[in-house]
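Take a look at the structure below.
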Amino acid sequence: MSDSPASETPDLDERGICALVERFYDRVRADPLLGPVFTEKVHDWPAHKQTLTQFWCRTALRSGSYAGNPMLKHRALPVDTQHFERWLALWEQTAKQMLQPRAAAFMTDLAGRIGHGLMLGMGLRPRGRTLGIPLAGRWPGLKVDESDRQG
């Protein structure tokens, strides 16, 4: 999928994003894994959904007024890789139900990239993926001077 904004996805607009966010977070609230995390932190759901709609419009359409810091908001949450995977699976399911196929694929790809960045920023490693950084002594052909190791 392209890195360009939704101009390549004419079937995506603010109304569609708003409907996606509304439905998605209704599902999140009911989810046994994700619901408790959000219930603990979100006390004004209409305001939260409005903020998230602004975020997704800014991200997907390059419009809107969102100016927050998602990394800062997510760092304090008691979540792990399983929570992100569940969030992304629900997002994809909901996007496929609510949006036209190209728009759903665009939003799913975008959410996956954002989720991956958040996981890395929180020190979480996506399951089944390596970071691509060799660990000393564990990469074929890599020689390590033992005197350089601290331990």
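HN-Hα J couplings of the stretch 109-121 from phi, Karplus 6.51/-1.76/1.60, θ = phi - 60°, integer Hz, Gly and Pro as x?
With coefficients 6.51, -1.76 and 1.60, one gets 4, 4, 4, x, 5, 5, x, 4, x, 5, 4, 4, x Hz.
Ranked from highest to lowest mean number of other Cβ atoms within 10 Å per residue, what is the order of the peptides 41-48, 23-30, 107-114?
In descending order of packing, they fall as 107-114, 23-30, 41-48.
What's the magnitude of the charge dipole for the stretch 39-123 around its Cα centre, counting Lys and Arg as +1 and Asp and Glu as -1 at the beta-carbon? Answer in Debye, nearest 20.
Working: 10 positive and 6 negative charges, 53 e Å.
Here the size comes out at about 260 debye.
Taken together, the values in this text are just the output of simple stated rules run on the coordinates, not laboratory data. What you are looking at is a predicted structure, and each value in this text was computed from that prediction instead of being measured. Heads up, the Cβs are rebuilt from the backbone with ideal geometry, glycines too, and the neighbour counts pull from every protein chain shown.
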